[in-house]
Every structure is written in structure tokens, then in C-alpha cells.
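Readers should treat all values here as calculations from the given coordinates under stated rules, not as data from a laboratory. Note that this is a predicted model, so its numbers are computed, not measured. FYI the Cβ positions are ideal-geometry reconstructions off the backbone, even for glycines, and counts take in every protein chain you see.
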Amino acid sequence: MARVLGKKDTVREARKILKIESEAIRGLLPRIGRSFEKALDLLYQCSGRVIVTGMGKTGFIARKISATLASTGTPSLYLHPGEAFHGDLGMVIEKDLVVALSHSGETEEVVRLLSPLKKLGVKIIALTGNIRSTLGRNADVALDISISREACPLGLAPSTSTAVALAMGDALALTLSKKKGFRQEDFAFLHPGGNLGKKLLKVKDLMRKGKDHPVVREDISVKSALFAITKARAGSCSVVNKSRKLIGIFTDGDLRRQLRENGEQILLKPIYQVATKNPFVIHQDHLAAEALHILREKKVDEIPVVDRKGRPVGLLDVQDLLKAGFV
């Protein structure tokens with residue numbers, strides 16, 4: 001019967017496992033050279049998708065590598081090597097590239113894929129612990145992810161081997177992303193529903209513009225401005241001078257305050273007399289998170305969006321940020 005670990009032994013064992021895995025990952029550093037460069041070139045030149053495949057625990061790592069590729073600008077999907085022989089091989093076309101994972105390099109389901117993939121003319125990158133294996137020998141490029149031992153106390157469960165495979169996959173995917181010039185804006189576009197993507201969204205991605213953003217001249221009456229606001233189904237309008245530069249904003253709150261203080265006679269006044277002068281503004285290329293900070297700090301519900309010349313190009317309402325999940 002196995003000995004039950006005490007508290008000190010538990011901490012010691014956990015640290016031992018992390019030490020084994022971290023040392024194995026550091027062991028990859030001297031292996032990053034010509035083969036890695038060749039693999040990266042193949043990925044960069046791929047005009048189709050990057051198909052990642054692996055079996056068992058390694059299959060989960062393959063899925064994660066595929067997901068990382070897809071989220072950083074490289075179209076990718078995971079192919080289960082067993083299901084490939086029951087119709088899923090039809091997912092692969094000649095323009096694709098396959099990244100095949102197998103620690104032994106002899107995983108039956110993965111090795112069986114080699115022949116049909118070669119018939120399709122698909123390039124193959126192998127991530128294997130044995131570059132002289134069947135997979136290693138038949139790949140266009142084989143990357144060495146061999147380890148000295150698994151972190152599993154029994155030396156059986158894939159642990160160090162999967163950690164190393166994941167690290168090499170990340171090195172490929174993220175280096176490829178940088179080589180392609182993948183930008184923060186691209187990441188935000190691919191992650192519209194995630195917190196990371198939200199942090200990278202810009203004001204121009206959320207602002208109201210065009211017919212949804214009423215812009216009125218400074219000399220028109222309040223009544224006419226209200227018609228413009230109602231037509232746009234908005235809660236405010238931007239007020240501009242003859243040069244089309246923003247000089248104020250007129251909101252529902254301004255209207256209620258003016259009616260309370262001056263009565264209906266304000267409807268005939270020029271809009272510039274009752275609008276809020278020199279409002280807080282933001283540029284369209286600023287982050288939406290910056291706009292939220294201004295709205296909260298200044299305790300306002302709307303902020304006009306202007307271009308570099310001070311001309312209104314949109315309006316950001318707190319409701320727009322609410323819909324996008326910022327609030």
C-alpha cells in the first residue's frame with residue numbers, strides 16, 4: 001500500500017514536479033535553431049490552414065496549440081487522428097499544413113495518417129520525443145521535444161512530455177504571430193466577447209456615428225435640434241461652428257434643466273446658448289476603456305468623439321459601453 005503523504009511531503013512533491021517540468025522546458029532552448037526556423041517558414045508560407053493532430057493526452061495539447069494559432073492570426077483546426085479515417089480526413093486540402101504531435105513518434109493513429117497526407121501533398125511538421133521515429137523520419141521538419149523523465153511519480157502519466165509539447169507549440173504559434181505582424185487590434189477583433197479583447201477595443205469600434213449621431217449648427221433653434229435628436233433616436237447632439245469644429249453638446253439633461261429654469265421659451269433660442277460648452281472629448285483611436293474612465297471620473301453619460309482637427313465624428317454613450325460588457 002502506498003504511503004500517505006504528510007503536509008511537508010506534499011509541498012516537497014509538488015515542488016519536485018514543477019522543477020522537473022520547468023527544467024525540461026528550459027532544455028528546449030538549445031534546440032531552437034535551424035529546424036525551428038524551417039518549421040516557422042513552412043507555417044508562414046502556408047496558404048491554407050494549420051491542421052494540428054495528436055492522440056490521447058497529447059491530443060488535448062494539440063487542441064490547445066490549434067486554438068492559440070487561431071486566436072493569434074493563423075487559421076487552424078484540430079483533427080482527431082482516429083476520426084480522420086472515418087471521414088474527417090476530408091477536412092484537409094492540399095494547401096493545408098499539418099503539425100503532428102506524438103511523444104514516441106510511433107502512435108498508431110498518427111502514423112497511419114502519414115501516407116494519406118503525403119498523397120495529398122501536405123507538408124508535415126512533427127513535434128516528437130524521437131526524431132528518428134516513423135513520424136520524425138517522414139515529416140518535412142521534426143522538432144525534438146524529448147525529455148529525460150515524466151514528472152509523474154510512477155513515470156507513466158504524460159506530464160513533462162505534454163508540458164514540453166505545449167511550450168514548443170506556443171513558441172511556434174507566438175513567434176509566427178509576431179512574424180506576421182499580428183497587432184492588438186487584430187487580437188481584439190478575434191476576441192470580441194472576451195475580457196482581453198474588450199481591453200483592446202477602441203472608441204471607434206463602439207461609438208455612434210452617421211445617422212445615429214446628430215450634429216447640428218450652432219445657430220439653429222433648440223426646437224430644430226430636438227427634431228434632429230428625435231430623428232436619430234439619440235439622447236444628445238453635437239454642436240459645431242461654421243468650421244465644423246465641436247463647440248458643445250446638448251443632452252436630454254440640458255433640456256430638462258433649461259425647461260425647469262426658463263420654461264418653453266428656450267425652444268426658440270439658438271442651440272449654442274443652452275448647450276454645454278467645451279465638453280470633455282475623446283479621439284476615436286483611443287481605447288474604449290479610456291472613455292469609460294473619463295465618463296466615470298467626470299460623472300457624465302456621453303462623450304463626443306472628435307478627429308485630430310476637433311471635428312465630431314461620433315458619440316460614445318455609457319449605454320454603448322454597457323452593451324459591450326464594460327460596465
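Which of the helices (runs of 4 or more DSSP H) found entirely inside the stretch 261-327 contain at least 1 residues meeting this: within 28 Å of the chain's Cα centre (by Cα)?
Where helices (runs of 4 or more DSSP H) fall fully within the stretch 261-327 and carry at least 1 residues being within 28 Å of the chain's Cα centre (by Cα), they are 288-298, 318-323.
Every residue, every condition in (1) surrounded by fewer than 24 Cβ atoms within 10 Å (Cβ to Cβ); (2) of a type outside the set (K, R); (3) closer than 22 Å to L172 by Cα, yes or no:
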residue	(1), (2), (3)
E108	yes, yes, no
P116	yes, yes, no
K119	yes, no, no
V122	yes, yes, yes
T128	no, yes, yes
L143	no, yes, yes
I147	yes, yes, yes
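Suppose we keep only residues that are touching a helix residue (DSSP H, G or I) at 6+ places or on another chain (Cβ under 7 Å) and surrounded by fewer than 16 Cβ atoms within 10 Å (Cβ to Cβ) within the stretch 290-327. Which one would you say is farthest from F250 (Cα to Cα)?
My answer is G325.
Only one of these is farther than 25 Å from K179 by Cβ, charged (D, E, K, R) and in contact with a strand residue (DSSP E or B) (Cβ under 8 Å, 6 or more places away or on another chain): D96, D88. Name it.
On inspection, the qualifying residue turns out to be D88.
Looking only at the stretch 12-71, which residues are within 14 Å of L143 (Cβ to Cβ), out of contact with any Ser or Thr (no Cβ under 6 Å at 6 or more places or on another chain) and not in a helix (DSSP H, G or I)?
G27, L28, I32, G33, G54
Could you tell me which residue of the stretch 72-97 is nearest to the chain's Cα centre (by Cα), considering only residues that are of a type outside the set (F, W, Y) and part of a strand (DSSP E or B)?
Restricting to residues being of a type outside the set (F, W, Y) and part of a strand (DSSP E or B), the top hit is S76.
Quickly run through the stretch 237-260 and pick out the residues that are free of Cβ contacts under 8 Å to residues at least 24 places away in the same chain and more than 43 Å from the chain's Cα centre (by Cα).
Across the stretch 237-260, the qualifying residues are R257, L259, R260.
What is the one condition in (1) touching a residue at least 60 places away in the same chain (Cβ under 8 Å); (2) over 18 Å from T162 (Cβ atoms) that R112 does not satisfy?
(1)
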